[in-house]
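What follows is a set of notes on a single structure, which appears directly below.
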């Protein structure tokens with residue numbers, strides 16, 4: 001979200017005519033609300049107790065077989081003479097399954113009943129292109145179908161956010177906004193840091209007072225559009241001030257990792273603590289396309305995700321908001337079972353999805369795909385990714401999942417019974 005437009009206006013020039021002339025630009029910058037086509041979500045759930053979803057996209061194709069490891073499977077070790085994780089090095093889940101040793105943070109969450117490991121997630125007729133497979137995950141549509149909106153974008157359209165002054169969703173990071181957030185009429189800001197989300201007032205210190213003055217003027221005789229911009233201006237200032245206050249006053253309960261992902265998740269914790277009404281946060285970590293020299297690179301990436309997610313879950317719990325938080329970690333596909341000649345793995349199919357938070361049913365969900373029943377050298381999926389989405393939409397976000405997903409899918413059992 002960029003408020004550059006605001007910083008170029010002063011109290012002297014911020015007249016109704018001037019603001020009206022900037023409506024096309026100003027509305028897109030200042031507007032946080034949504035224009036929902038219909039209410040398909042539980043209106044009662046859109047309160048301060050509304051659940052929060054944080055999506056962590058592990059871009060590049062995470063090697064699920066070295067993430068959730070079949071420790072004693074001889075076929076696994078035969079297929080990966082150099083890359084197989086030794087059973088003694090894994091973090092035990094049960095007698096047959098262990099986590100990569102870099103996932104200490106996730107293992108800690110599991111020990112505290114705050115991690116669900118959904119095994120063998122994918123879709124029929126898998127595509128091994130990064131872009132196409134990610135588009136499938138983002139839109140729940142194949143290439144031959146119309147793709148105009150993402151699954152989260154459709155969720156935002158289906159909920160009544162008319163009375164929400166804050167953005168219903170936020171994308172944090174320098175990369176292009178994910179297709180999953182695309183919507184016909186709900187604007188989702190993309191920000192790189194908390195500082196970028198503040199109104200820039202250095203050059204015009206009285207800007208906030210000027211906008212407040214304009215916004216508080218009587219709407220008698222004003223057009224609906226001007227009234228909309230006035231309300232949006234007040235909302236923008238209120239949100240900016242809450243976030244600025246959060247940035248100055250917030251103290252995490254433990255240090256976040258000094259990584260890009262760690263800083264992004266710390267920002268999310270600050271925004272949650274500030275009382276922001278945002279429901280969805282989306283972040284991305286790149287680098288999982290491990291075609292060569294995989295062991296060290298994969299360990300660094302997994303540790304980055306694991307440690308940052310553990311810190312976020314603990315920190316938000318210490319805020320008193322832990323029961324509202326769900327973190328979903330996913331990748332567009334897994335890797336092939338057999339290692340390649342470069343100490344890496346090539347594009348595959350099914351892989352695990354990790355869900356963290358107080359509300360999950362901790363432990364393994366689904367079966368690890370069999371290594372003696374492959375599809376062109378790839379693991380077969382046992383759970384459609386839309387079943388994971390269905391559970392999140394229906395049971396966590398209290399939404400009509402069939403509208404969002406374009407069909408009916410049995411929710412995977414990942415949440416505790418309420």
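The values are calculated or read from the model by the stated rules, or taken from the named source; none is laboratory data. This is a predicted model, so every value here is computed, not measured. As a convention, Cβ positions derive from the backbone with ideal geometry for all residues, glycine included, and neighbour counts pool all protein chains shown.
Taking only pairs six or more apart or across chains, which ones have beta-carbon atoms under 8 Å, a first residue in segment 85-105 that is touching a residue at least 40 places away in the same chain (Cβ under 8 Å) and on the phi < 0 side of the Ramachandran plot, and a second residue that is surrounded by fewer than 16 Cβ atoms within 10 Å (Cβ to Cβ) and part of a loop (DSSP other than H, G, I, E, B)?
So the pair list comes out as 96/72.
Output the number of the condition that residue 341 fails; it satisfies all remaining conditions of (1) over 24 Å from residue 84 (Cβ atoms); (2) free of Cβ contacts under 8 Å to residues at least 24 places away in the same chain.
Here residue 341 clears every test but (1).
How many residues, within segment 331-375, are surrounded by fewer than 20 Cβ atoms within 10 Å (Cβ to Cβ) and assigned to a strand (DSSP E or B)?
3
If I go through segment 271-302 residue by residue, how many of them are modelled with pLDDT of 95 or more, on the phi < 0 side of the Ramachandran plot and more than 18 Å from the chain's Cα centre (by Cα)?
Residues in segment 271-302 being modelled with pLDDT of 95 or more, on the phi < 0 side of the Ramachandran plot and more than 18 Å from the chain's Cα centre (by Cα): 11 in total.
Evaluate segment 139-151: report whether one residue or more is in contact with a helix residue (DSSP H, G or I) (Cβ under 7 Å, 6 or more places away or on another chain), buried (at least 18 other Cβ atoms within 10 Å of the Cβ) and either modelled with pLDDT under 90 or assigned to a helix (DSSP H, G or I) (or both).
Looking for residues that are in contact with a helix residue (DSSP H, G or I) (Cβ under 7 Å, 6 or more places away or on another chain), buried (at least 18 other Cβ atoms within 10 Å of the Cβ) and either modelled with pLDDT under 90 or assigned to a helix (DSSP H, G or I) (or both), one finds at least one in segment 139-151, hence yes.
Residue pairs, Cβ under 9 Å, 6 or more apart or interchain, first in segment 400-412 and free of Cβ contacts under 8 Å to residues at least 60 places away in the same chain, second surrounded by fewer than 18 Cβ atoms within 10 Å (Cβ to Cβ) and assigned to a loop (DSSP other than H, G, I, E, B). List them.
Close Cβ pairs satisfying both conditions: 401/408; 402/408.
Select from segment 28-75 the residues that are assigned to a helix (DSSP H, G or I) and surrounded by 21 or more Cβ atoms within 10 Å (Cβ to Cβ) and write down the one among them that is modelled with the lowest pLDDT.
Taking segment 28-75 as the starting set, the residues that turn out to be assigned to a helix (DSSP H, G or I) are 28-30, 43-45, 64-66, 74-75.
So of that shortlist, the ones also surrounded by 21 or more Cβ atoms within 10 Å (Cβ to Cβ) come out as 30, 64-66.
Values: 30: 35, 64: 98, 65: 98, 66: 98.
Only one residue fits best here, namely 30.
This table checks each residue for (1) assigned to a loop (DSSP other than H, G, I, E, B); (2) surrounded by fewer than 20 Cβ atoms within 10 Å (Cβ to Cβ).
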position: 255; (1), (2): yes, yes
position: 268; (1), (2): no, no
position: 271; (1), (2): no, no
position: 281; (1), (2): no, no
position: 290; (1), (2): yes, no
position: 310; (1), (2): no, no
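Which of the residues spanning segment 393-411 are over 16 Å from residue 161 (Cβ atoms), touching a strand residue (DSSP E or B) at 6+ places or on another chain (Cβ under 8 Å) and assigned to a loop (DSSP other than H, G, I, E, B)? Even if it seems obvious, please write down each step before you answer.
So in segment 393-411, the residues over 16 Å from residue 161 (Cβ atoms) come out as 394-396, 401-402, 405-411.
With the extra rule that they be touching a strand residue (DSSP E or B) at 6+ places or on another chain (Cβ under 8 Å), the set shrinks to 395-396, 409.
Result: 409, single match.
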